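My structure is below; once you've seen it, I'll send some questions.
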Amino acid sequence: METQVNQSTGNKKRPLIIGLAIIAVLAIGATAYAMFVDLSPRELYLKSEMNTFKALNESFEDSFGDALALSEKQMEEAYKSEASVGVDVDPAMFGAGGMEAAMIGSVLQNSEFKVTTQHDPKKEEGSVGMALRMNDADLMNAEFYQNNKQTAVNVPAAYDKNVYFENSKFGDVMRKFDPAYQGMEKLENFFKAVDGDLSEEARDDAFEEFAKVYADSVKDENVKMKDDVDFKGEKLRELTVSLSEKETKTMLVNFVEKIEKDDEILDAIAEQSALQGGLQTGMVAPNSNMSKADAKKEIKKLLADAKKAIKDDLQVPGGMKQVVIIDGDDKVVSRNVTMKIGANGEEAVPMNYKSESWTKGDVTNSSWVLNAGPENETLLVDVKMESEPKGKDGKKRDIKAKFEMTENGTTEGIGFQIKGEGTDKKSKWTANLVPAGDAPMELPDMTLEIEHKGDQNLDKDFANHDYKVTLVGNDATMGDINVGLNIKTKTTFGDKLKFPELSEGKAVNVAEMSDAEMMTMMSDIQRNIEQFIGENAQMFQ
């Protein structure tokens with residue numbers, strides 16, 4: 001977020017410099033893992049950060065526990081997941097559009113898109129099947145399959161057999177279609193890229209190590225305490241943590257060095273970078289081939305460059321100052337972070353982050369405000385949330401947010417409001433855009449409604465979640481709008497997965513085809529597509 005603000009200065013160094021420097025703010029959430037007796041201000045501060053992080057983590061688990069548990073299980077056990085998306089549209093919407101519009105409405109109302117995913121993380125093997133259904137019958141379907149050795153594609157409407165190739169021969173296949181092709185030679189396994197991640201234990205260990213780096217960066221002389229500070233009508237304790245420019249930069253360097261020395265983290269990042277390079281989404285050019293070893297070298301070079309940039313280019317005039325207020329449970333209820341960030345030879349950019357959280361009765365109010373940027377070019381992010389219990393295990397929330405950019409005395413922006421209530425079993429939410437800034441833009445009269453019903457029991461190896469997403473409102477040209485998506489998902493574990501059989505007679509190896517065989521296959525595909533279009537001419541018209 002802060003990186004984007006500083007990019008507007010036009011200086012090429014700033015994205016890296018600011019990205020590194022903001023670690024200092026993120027590191028505030030890191031805590032010391034020790035029990036304290038007769039706490040000094042420093043020890044009290046570190047304990048309060050630990051308690052606050054634990055409370056935040058518990059809140060996150062409460063809100064997204066089912067989704068997190070399902071994701072973790074999918075990374076460890078073989079599963080099959082079926083998702084269907086149907087359209088629910090009011091036919092009256094298309095009344096003014098004539099016969100063609102009415103036909104479009106009818107097609108949408110009677111169509112469904114279905115995606116079936118099968119994935120075995122232990123074998124690093126998986127498939128994704130897609131089907132377009134109309135009037136409860138498959139109109140068109142396709143399947144993509146991959147393991148560590150092969151990739152296969154099947155589109156029955158175009159060709160009646162699986163077409164596959166060895167992943168190591170991807171370049172040869174591409175040159176059959178384009179002799180001038182000069183891209184990557186090997187196709188990486190997408191499902192392996194999905195699997196690749198640090199284990200939960202490794203993430204916890206890494207967090208603890210980074211927490212220690214931050215704790216070691218805060219000395220006794222950096223923390224001052226003040227009693228009986230007023231906060232929402234209560235007298236609480238205030239802790240001021242001040243790090244000089246030198247101390248802030250040393251802390252950032254220590255973070256970088258911690259990554260440099262952690263082979264497990266480096267290996268995980270390197271593997272993902274190599275795989276994503278193959279998927280044309282990583283840090284390397286799309287036509288590059290990068291091994292895990294090469295990626296690890298590149299990451300180490302980036303870390304070395306980052307460390308040099310911190311030491312030589314980063315400027316944090318005045319250092320970083322943080323004022324926190326803690327409650328009787330030694331948890332942070334207010335935080336105010338101020339600092340200036342810049343590069344050598346440039347004016348440092350001010351940044352201020354404030355957050356508060358307090359409870360009155362059953363209602364908890366929270367706010368997060370970020371101001372960043374030079375005097376005439378500032379970004380404001382302002383988020384407020386009101387939360388209270390609703391029924392058994394339920395929550396009711398009202399979230400308001402606005403994003404404003406001030407430039408040359410003019411403030412432009414946009415905001416939104418989300419309101420809802422429910423549990424992980426059943427909930428309903430609404431979202432609206434709201435005006436922000438000095439001259440608010442004209443916003444559409446639209447409301448997004450989301451309903452969720454869940455039935456999940458991972459001990460019994462199933463998770464079913466249904467969503468209804470509806471857009472309602474009014475448009476000057478279309479009149480009343482009411483369009484919905486019905487999304488149903490069904491995930492099961494323990495079933496025997498069925499993957500395509502890549503054997504002679506049932507599949508063709510496109511990498512081994514002769515030019516004549518390739519021409520024959522392409523002719524068959526063209527003929528089949530023309531036949532399919534002819535049989536479904538009404539839809540394509």
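Condition first: within 19 Å of the chain's Cα centre (by Cα), at pLDDT below 65 and of a type in the set (Gly, Ala, Ser). Now tell me which residues in region 254-282 satisfy that.
Listed by number, the residues that qualify are Gly277, Gly282.
Any residue at all in region 383-402 that is in contact (Cβ under 8 Å) with a residue 24 or more places away in the chain, touching a His at 6+ places or on another chain (Cβ under 6 Å), of a type outside the set (Val, Ile, Thr) and in a strand (DSSP E or B)?
Checking region 383-402: not a single residue is in contact (Cβ under 8 Å) with a residue 24 or more places away in the chain, touching a His at 6+ places or on another chain (Cβ under 6 Å), of a type outside the set (Val, Ile, Thr) and in a strand (DSSP E or B).
Moving on. Looking at (1) part of a loop (DSSP other than H, G, I, E, B); (2) within 29 Å of Pro121 (Cβ to Cβ); (3) open to solvent by 70 Å² or more (accessible area, probe 1.4 Å); (4) touching a strand residue (DSSP E or B) at 6+ places or on another chain (Cβ under 8 Å), which is the one condition that is false for Asp424?
Failed condition: (3).
Do you know which of the residues in region 490-511 that are more than 15 Å from Glu77 (Cα to Cα) and part of a strand (DSSP E or B) is most open to solvent (accessible area, probe 1.4 Å)?
Glu504
Of all the residues that make up region 416-435, how many are among the basic types (Lys, Arg) and at pLDDT 95 or above? Break it down stepwise before answering.
Step one: of region 416-435, the residues among the basic types (Lys, Arg) are 419, 425-426, 428.
Checking the rest, the ones that are also at pLDDT 95 or above come to 419, 428.
Result for region 416-435: 2.
Which of the residues spanning region 427-449 are of a type outside the set (S, T, N, Q) and assigned to a strand (DSSP E or B)?
Lys428, Trp429, Ala431, Leu433, Val434, Pro435, Ala436, Gly437, Asp445, Met446, Leu448, Glu449
Oh, and also: From the list Glu49, Glu43, Glu61, Glu112, which residue is among the charged types (D, E, K, R), exposed (fewer than 13 other Cβ atoms within 10 Å of the Cβ) and either modelled with pLDDT of 90 or more or not in a loop (DSSP other than H, G, I, E, B) (or both)?
Exactly one residue qualifies, and that residue is Glu61.
May I pose another question? Report yes if Val128 is at pLDDT 95 or above and surrounded by fewer than 17 Cβ atoms within 10 Å (Cβ to Cβ), otherwise no.
Details: at pLDDT 95 or above: yes; surrounded by fewer than 17 Cβ atoms within 10 Å (Cβ to Cβ): no.
In short, no.
The values are calculated or read from the model by the stated rules, or taken from the named source; none is laboratory data. Predicted, not measured: the structure shown is a model, and the values here were computed from it. Glycine also receives a Cβ, built like all others from the backbone with ideal geometry; neighbour counts cover every protein chain displayed. The area values use the complete protein model at the heavy-atom level, side chains included, leaving out ligands, DNA and RNA. Shrake-Rupley method; radii C 1.70, N 1.55, O 1.52, S 1.80 Å.
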